[in-house]
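**Q** Sharing a structure here in structure tokens format.
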Amino acid sequence: MDTVIEATLAFVRDNRDWAFWIALVFAMGETTAFLSIIIPSTAVLLGVGALVATGELSLLPIWAGASVGAVIGSLFSYWIGWRYGDAILRLWPLRDHPDLVARGNAAFQKWGVVAVLIGHFFGPLRAVVFVMAGISRISPLLFVPVNIVGCLAWAYVTPKFGEVAGQVFGWLWRLITG
């Protein structure tokens with residue numbers, strides 16, 4: 001998995017004009033049910049944020065691409081849950097992780113539609129929260145605006161955290177090496 005992340009970051013570094021599209025694809029993968037389990041999107045977005053810290057990239061196209069990708073992936077996942085309902089819970093990997101489904105249900109019981117916003121920031125929930133919102137039949141009029149706010153915030157915070165971490169590590173490195 002590390003090789004995929006390193007190769008992707010090298011590709012982004014060498015093809016800055018593709019940063020928007022790469023961020024879109026990885027954010028879409030991260031917020032799409034089932035696909036999010038096999039794609040190391042968060043690590044890539046954090047790494048891309050570290051490239052922002054070096055000055056090699058601008059945060060704006062990454063944030064824009066990740067925002068659009070997150071909206072696409074989460075809306076698709078919501079639709080899957082809405083369309084297929086409880087039947088989706090009998091498919092891999094959800095059938096093998098009833099604890100994850102239980103956590104998703106518990107989040108909706110406790111927080112309602114705000115669980116969608118919270119789910120963007122917790123990896124284990126991110127894999128199921130949008131599907132669970134669809135299965136729970138949360139109104140699209142409630143889901144869509146809360147989800148868009150969550151997508152915008154997550155798409156900014158994730159690479160920004162990588163940028164800040166990159167700046168801290170750079171500062172520590174300069175401090176140690178003189």
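**Q** In the range 90-118, what count of residues is obtained for those that are more than 23 Å from residue 155 (Cβ to Cβ) and either in contact (Cβ under 8 Å) with a residue 60 or more places away in the chain or of a type in the set (Val, Ile, Thr) (or both)?
**A** Within the range 90-118, residues that are more than 23 Å from residue 155 (Cβ to Cβ) and either in contact (Cβ under 8 Å) with a residue 60 or more places away in the chain or of a type in the set (Val, Ile, Thr) (or both) number 1.
**Q** Please go through the range 29-38 and give me each residue that is under 20 Å from residue 150 (Cα atoms), aliphatic (A, V, I, L, M) and surrounded by fewer than 24 Cβ atoms within 10 Å (Cβ to Cβ), ordered by number.
**A** Residues satisfying the conditions are 35, 37.
**Q** Enumerate the pairs (first residue in the range 57-74 and under 18 Å from residue 144 (Cα atoms); second residue anywhere and acidic (Asp, Glu) and in a helix (DSSP H, G or I)) with beta-carbon separation below 9 Å, excluding pairs fewer than 6 apart on the same chain, so at least 6 apart or on different chains.
**A** As it stands, the answer is 66/30; 69/30; 70/30; 73/30, since those pairs meet every condition given.
**Q** Just name the residue that is nearest to residue 117 (Cα to Cα) out of those in the range 29-42 that are of a type outside the set (D, E, K, R) and in contact (Cβ under 8 Å) with a residue 40 or more places away in the chain.
**A** Across the range 29-42, the extreme among qualifying residues is 31.
**Q** A follow-up question, please. In the range 33-58, what residues are in a helix (DSSP H, G or I) and either closer than 30 Å to residue 141 by Cα or of a type in the set (S, T, N, Q) (or both)?
**A** Once the filter is applied, which keeps residues that are in a helix (DSSP H, G or I) and either closer than 30 Å to residue 141 by Cα or of a type in the set (S, T, N, Q) (or both), the range 33-58 yields 35, 36, 37, 41, 42, 45.
**Q** Let me ask something else about it. Exactly one condition in (1) touching a residue at least 40 places away in the same chain (Cβ under 8 Å); (2) surrounded by fewer than 16 Cβ atoms within 10 Å (Cβ to Cβ); (3) part of a helix (DSSP H, G or I) is not met by residue 137; state its number.
**A** The single condition residue 137 does not satisfy is (3).
**Q** May I pose another question? For residues that are free of Cβ contacts under 8 Å to residues at least 60 places away in the same chain and closer than 30 Å to residue 91 by Cβ, scanning just the range 8-28, find the one that is surrounded by the fewest Cβ atoms within 10 Å (Cβ to Cβ).
**A** 21
**Q** May I pose another question? Please go through (1) in a helix (DSSP H, G or I); (2) within 11 Å of the chain's Cα centre (by Cα) for residue 78 and return the number of the only condition it doesn't satisfy.
**A** Exception for residue 78: condition (2).
Only the coordinates and a few stated rules stand behind these numbers; no lab work does. Everything quoted here is computed from the prediction, not taken from an experiment. Ideal geometry is used to build each Cβ from the backbone, glycine not excepted, and the neighbour counts take in all protein chains shown.
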